[in-house]
1. Could you tell me whether any residue of segment 223-230 is modelled with pLDDT of 95 or more and either in a loop (DSSP other than H, G, I, E, B) or surrounded by 18 or more Cβ atoms within 10 Å (Cβ to Cβ) (or both)?
2. Could you please find all residues in segment 141-180 being modelled with pLDDT of 95 or more, in contact with a Ser or Thr (Cβ under 9 Å, 6 or more places away or on another chain) and in a loop (DSSP other than H, G, I, E, B)?
3. Select from segment 77-95 the residues that are over 17 Å from the mean Cα position of the chain (by Cα) and polar (S, T, N, Q) and write down the one among them that is surrounded by the most Cβ atoms within 10 Å (Cβ to Cβ).
4. Are any residues in segment 132-150 touching a Phe, Trp or Tyr at 6+ places or on another chain (Cβ under 8 Å) and among the aliphatic types (A, V, I, L, M), and if so, which ones?
5. When you check Gly194 against the structure, is it farther than 23 Å from Ile97 by Cα and either surrounded by fewer than 24 Cβ atoms within 10 Å (Cβ to Cβ) or not assigned by TED's automatic domain parsing to the domain that holds Gly108 (or both), yes or no?
6. Checking Val124 against (1) in the same structural domain as Arg54 (by TED's automatic domain parsing); (2) surrounded by 20 or more Cβ atoms within 10 Å (Cβ to Cβ); (3) more than 14 Å from Leu7 (Cα to Cα), only one condition comes out false. Which one?
7. Given the options Pro129, Pro62, name the one that is assigned to a loop (DSSP other than H, G, I, E, B), out of contact with any Phe, Trp or Tyr (no Cβ under 7 Å at 6 or more places or on another chain) and either without any contact (Cβ under 8 Å) to a residue 40 or more places away in the chain or more than 20 Å from Ala185 (Cβ to Cβ) (or both).
Amino acid sequence: MSGAELLVVAEEAARAAATELIAHQAAAHSSVEAKSSPTDPVSAADLAAEGAIRSVLAARRPDDAILGEEGDDRPGTSGLRWVVDPLDGTVNYLYGIPQWCVSVACEGQVGVIFDPLGDHLFSVVVGEPPLLNGKPIAGSSCDQVGRALVATGFGYDPAVRRGQGAIVARLLPEVRDIRRGGSAALDLAWLAAGRYDAYFERGVQAWDTAAGLLICEGAGLETRVLDASGAQGAGVLVAPPAIINELFALVAAG
């Protein structure tokens, strides 16, 4: 199956999940359970959305492996693996804040991030320019850290947040400003479209970033791995080539 054909599957899966999320949103507050901490909720909507993605993949790509946030990993025999986040930005979703999305990637092949409320579909076939609703996008060309608008995110655990807060305090005087939206996948999609100049975060998981990193790399941005530091897990920094090394020096040390 070609990249273009895989992209059709990814888009179908993302839209199927979005349909479930929109249908469940009104009742989401009454179906919340605790995940890793009291501020990390998972709703019936998450599970229904991932089920919708898995149904599409089972029908269209039954031999592929799947890694998802809410369901069990599925082994495959094709050599391809899908990495999916049925709802990135769960807290925003539960509070009615319109910054959440569905993320679907086939590793090394295609990536899709779908914002259903804005009807914004970010997509990429590896080796081709990334698209927003079918039109090409490109990342920032910022060449000075002092002019960079930098997005980030915070974990749920208080010990992790202390470390993240210290990094932000160190970075804030050196850049234009900081933004914290609440959805790592959508932050990466917006970065690829030039709405931010850079993004970093520790503690993100493969399903948070799989599609977004493919889209950002296609948009001309570079990625650096951030090693785990203290209570903070490993993470990523994504930025234009001209400023990524200077930003790395500022955020790499926990």
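The values are calculated or read from the model by the stated rules, or taken from the named source; none is laboratory data. Owing to the predicted nature of the structure, the values given are computational and were not obtained by experimental measurement. Ideal geometry is used to build each Cβ from the backbone, glycine not excepted, and the neighbour counts take in all protein chains shown.
1. Just the residues of segment 223-230 that are modelled with pLDDT of 95 or more, to begin with: 223-226.
Those still in the list that are either in a loop (DSSP other than H, G, I, E, B) or surrounded by 18 or more Cβ atoms within 10 Å (Cβ to Cβ) (or both) too: 226.
Within segment 223-230 (the criterion being modelled with pLDDT of 95 or more and either in a loop (DSSP other than H, G, I, E, B) or surrounded by 18 or more Cβ atoms within 10 Å (Cβ to Cβ) (or both)), the answer is yes, since at least one residue qualifies.
2. Result: Ala148, Gly153.
3. Ser78
4. From segment 132-150, those touching a Phe, Trp or Tyr at 6+ places or on another chain (Cβ under 8 Å) are 132, 137, 140, 149-150; that's our starting set.
Result: Leu132, Ile137, Leu149, Val150.
5. Numbers: farther than 23 Å from Ile97 by Cα: no; either surrounded by fewer than 24 Cβ atoms within 10 Å (Cβ to Cβ) or not assigned by TED's automatic domain parsing to the domain that holds Gly108 (or both): yes.
No.
6. Going through the list (1) in the same structural domain as Arg54 (by TED's automatic domain parsing); (2) surrounded by 20 or more Cβ atoms within 10 Å (Cβ to Cβ); (3) more than 14 Å from Leu7 (Cα to Cα), Val124 breaks only (3).
7. On the way: Pro129 fails: either without any contact (Cβ under 8 Å) to a residue 40 or more places away in the chain or more than 20 Å from Ala185 (Cβ to Cβ) (or both).
None of the others qualify; the one that does is Pro62.
Here is a yes/no grid of residues against (1) more than 16 Å from Ala14 (Cα to Cα); (2) at pLDDT below 95; (3) crowded, with 24+ Cβ neighbours inside 10 Å:
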{"position": "Pro75", "(1), (2), (3)": "yes, yes, no"}
{"position": "Ile97", "(1), (2), (3)": "yes, yes, no"}
{"position": "Val102", "(1), (2), (3)": "no, no, yes"}
{"position": "Gly139", "(1), (2), (3)": "yes, no, yes"}
